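The structure appears right after this line, and notes come after that.
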Amino acid sequence: MTDFEAQLRAVSLRVTRPRLAVLTALRDHPHVDTETVIALVRAEHPTVSHQTIYDVLRALTDTGLVRRIQPAGATARYESRVGDNHHHVVCRTCGAIADVECAVGHTPCLTASDDHGFVIDQAEVVYWGTCPDCAATSRTSH
Ligand SMILES: [Zn+2]
Ligand SMILES: [Zn+2]
């Protein structure tokens, strides 16, 4: 049994080819949008329909195997790196996304300075800026 099969079984999802294909695509290409997931999966499995891939993404996100990231004003992206509460840096110009480890150790952001009585289970931090490629392009064009 592969890791992906074990992960699917752990959340009571049946092991299907489209589910394995989506998990594989996201492992190899983190932070891609829905259209890219569809293109990646269909490159390997041309018979898998768009609707199936939408359904798979929803099921995997609902069960926590896949994390959906939606920076303000950007299209939703998906990744299979879940459970470590890592953060993201997003390029304002081209939308490139990279992982950022928690700033101070293991999920410290879950300890809010004032939780207002809420039970907090996730902290989402998005760092905005300009990626190296876009910074280089704007330097050369000026
Ligand atoms: Zn960029
Ligand atoms: Zn990430």
### Task
Assign unit charges at the C-beta atoms only (+1 for Lys and Arg, -1 for Asp and Glu), then state the dipole size of the chain relative to its Cα centre in Debye, rounded to the nearest 20.
440
#### Entry: Theoretical gain in end-to-end length, THR61 to ASP99 [0.36 nm per residue, Cα-Cα removed]
11.8 nm
#### Entry: Value at 222 nm in deg cm²/dmol, rounded to 500, when DSSP H runs of n ≥ 4 in the chain each add -39,500 (n - 2.57)
-11500 deg cm²/dmol
### Per residue convex hull volume, Cα atoms of the range 3-69, in Å³
76
### Summary
A correct Karplus calculation of ³J(HN,Hα) over the range 120-126, with 6.51 cos²θ - 1.76 cosθ + 1.60, θ = phi - 60°, whole Hz and x for Gly and Pro, returns 9, 10, 7, 10, 10, 10, 10
### Summary
For the pair ALA72 and GLU35, the simple spin-label estimate (label points 7 Å beyond Cα toward Cβ) gives in nm 2.4
### Query
Cα gyration tensor of the chain, axes a ≥ b ≥ c as square roots of the eigenvalues: rounded (a/c below 1.5), prolate (a/b > b/c) or oblate?
oblate
### Query
Which residues' amide hydrogens lie under 5 Å from the amide hydrogen of THR130, considering only partners 5 or more residues apart or on another chain, with H built in the peptide plane?
ARG92
### Message
If I model a spin label at HIS45 and SER141 as a point 7 Å from the Cα along the Cα→Cβ vector, what separation in nanometres do I get?
### Response
3.9
### Query
At a Förster distance of 35 Å, what's the computed FRET efficiency of ASP115 paired with ARG14, Cβ-Cβ distance as r, to 0.05?
0.35
## Note on the structure
Counting only residues 5 or more apart in sequence or on a different chain, those whose built amide H sits under 5 Å from that of VAL100 are HIS87, HIS88, VAL89
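Bear in mind that the values in this text are calculations on the coordinates, not laboratory data. Computed from a predicted structure; not experimentally measured. Methodologically, a virtual Cβ is constructed for each residue, glycine included, from the backbone with ideal geometry; neighbour enumeration extends over all protein chains shown.
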